[in-house]
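The values are calculated or read from the model by the stated rules, or taken from the named source; none is laboratory data. Predicted model, so just to flag it, every value in this text is computed and none were measured. Positions of Cβ are generated from backbone atoms using ideal geometry, with glycine treated the same way; all protein chains shown enter the neighbour counts. Ligands, DNA and RNA are excluded from the accessible area calculation, which covers all protein heavy atoms including side chains. Shrake-Rupley method; radii C 1.70, N 1.55, O 1.52, S 1.80 Å.
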Amino acid sequence: VFSKIFSHEALESYLPKIQLVIKDTLRAWSSEPEPINVYHEAQKLTFRMAIRVLLGFRIPDEELGRLFEVYQQFVENVFSLPVDLPFSGYRRGIRARETLQKGLEKAIQEKLQNTQGKDYADALDILIESGKEHGKELTMQELKDGTLELIFAAYATTASASTSLIMQLLKHPRVLEKLREELRSKGILHNGCICEGSLRLDNIHGLHYLDCVIKEVLRLFTPISGGYRTVLQTFELDGFQIPKGWSVMYSIRDTHDTAPVFKDVDVFDPDRFGQGRSEDKDGRFHYLPFGGGVRTCLGKHLAKLFLKALAIELASTSRFELATRTFPRITLVPVVHPVDGLKVKFFGLDSNQNEILTGTDAMLGATV
């Protein structure tokens, strides 16, 4: 059922909505007089994308903001010791989940009652219809659980990768310019504007350098460190016997760091995935940012589409600069992210790519 949510047809219908959410977000970032914390704002962006695009909820912005704060509290306490005491992280997480589910139930009921004005089938629509096709109408609790799972899956890792993408574009202006050149050559970017109707799924798939950039971000800054699997039959690894039924963890990050196919593993080099080198093509499991095998991440195509749409908007309609003297340190847990966020100043641009400077903007522009 979930695989239908991430099919080619579904992604095609999500794309215009994803673009709209990203455009509105970048416009808001550019209107801020102070530099923004990219990681925190990226979390808001991916949460909004999940609510607005994947689930099709029409929650007012103010209520959406409150729901995001509750969701943050839920996520922060997911990995708590299961000790149900007052003021414990576990108790805070349980309360946040209860509040979340009340808000989600209200949104689901409103959605079920108001079906007019829909121009595409979102993930929740597909989930509901698939249940009916299998002769099982989903209960409200099942819908709330499925909804929360979709938000959770789309949230932390995508926010991490979005932040890493922006940081690498800041560090490597030549990569950003090369992206712009590809967009111009494909007829997507003209005179500083995205040509109307040019961003379709097939056009985005044809942007080979953009694909290399996203692949390299995910190689060097894989959002999660690894995954768990259950051993189906006893096997040997480097002289050690691993019994059937054991749980094992494979490390995505260590694999990327030690795989012999990658040259200069610490260097951000999108061209390693270009046609001349294709470093990810040698061997099945040297490159696995979304895991591998039959349990590879179901949402990987949606995640990559979102990152590509964000990169296109950043390269086409934005100018942004680091607002601190140095780049922040990176921490790896629970997902890769800057320790103190990533402080960046976005500038508003007119249709000719000229900065729209207020007095405050001009003053800040001299200090970023």
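Looking at the stretch 326-345, which of the residues that are at pLDDT 95 or above and either loosely packed, with under 12 Cβ neighbours inside 10 Å or touching a Gly at 6+ places or on another chain (Cβ under 6 Å) (or both) is farthest from F221 (Cα to Cα)? Once the filter is applied, the top-ranked residue is T326.
From A42, A10, A50, which residue is among the hydrophobic types (A, V, I, L, M, F, W, C), closer than 30 Å to G135 by Cβ, within 13 Å of the chain's Cα centre (by Cα) and in a helix (DSSP H, G or I)?
Going through A42, A10, A50 in turn, just one is among the hydrophobic types (A, V, I, L, M, F, W, C), closer than 30 Å to G135 by Cβ, within 13 Å of the chain's Cα centre (by Cα) and in a helix (DSSP H, G or I): A50.
Taking the stretch 222-261 as the range and being open to solvent by 100 Å² or more (accessible area, probe 1.4 Å), at pLDDT 95 or above and in contact with a Phe, Trp or Tyr (Cβ under 9 Å, 6 or more places away or on another chain) as the test, the residues that pass are Q241, K244. Summed over the stretch 118-132, residues that are of a type in the set (S, T, Y) and either in contact with a strand residue (DSSP E or B) (Cβ under 9 Å, 6 or more places away or on another chain) or open to solvent by 10 Å² or more (accessible area, probe 1.4 Å) (or both) total 1. Residues that are over 14 Å from H40 (Cα atoms), of a type in the set (G, A, S) and under 20 Å from the mean Cα position of the chain (by Cα) within the stretch 318-342 comprise just one, S318. Each residue in the stretch 160-200 was checked for being among the hydroxyl-bearing types (S, T, Y), open to solvent by less than 10 Å² (accessible area, probe 1.4 Å) and closer than 24 Å to S13 by Cβ, and 1 pass. Filtered by the rule that a residue be open to solvent by 20 Å² or more (accessible area, probe 1.4 Å) and more than 30 Å from T230 (Cβ to Cβ), the stretch 275-302 gives Q275, G276, R277, S278.
Per-residue answers, yes or no, for (1) among the aromatic types (F, W, Y); (2) farther than 30 Å from S13 by Cβ:
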site	(1), (2)
N203	no, no
H208	no, no
C212	no, no
K215	no, no
Y250	yes, yes
F268	yes, yes
D271	no, yes
V294	no, no
A303	no, no
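Taken together, the residues in the stretch 193-237 that are touching a His at 6+ places or on another chain (Cβ under 7 Å) and at positive phi amount to 0. Count of the stretch 31-49 residues, restricted to those that are open to solvent by less than 30 Å² (accessible area, probe 1.4 Å) and among the polar types (S, T, N, Q), is 2. Looking only at the stretch 303-319, residues that are open to solvent by less than 40 Å² (accessible area, probe 1.4 Å) and either within 20 Å of G226 (Cα to Cα) or of a type in the set (S, T, N, Q) (or both) come to 3 in all.
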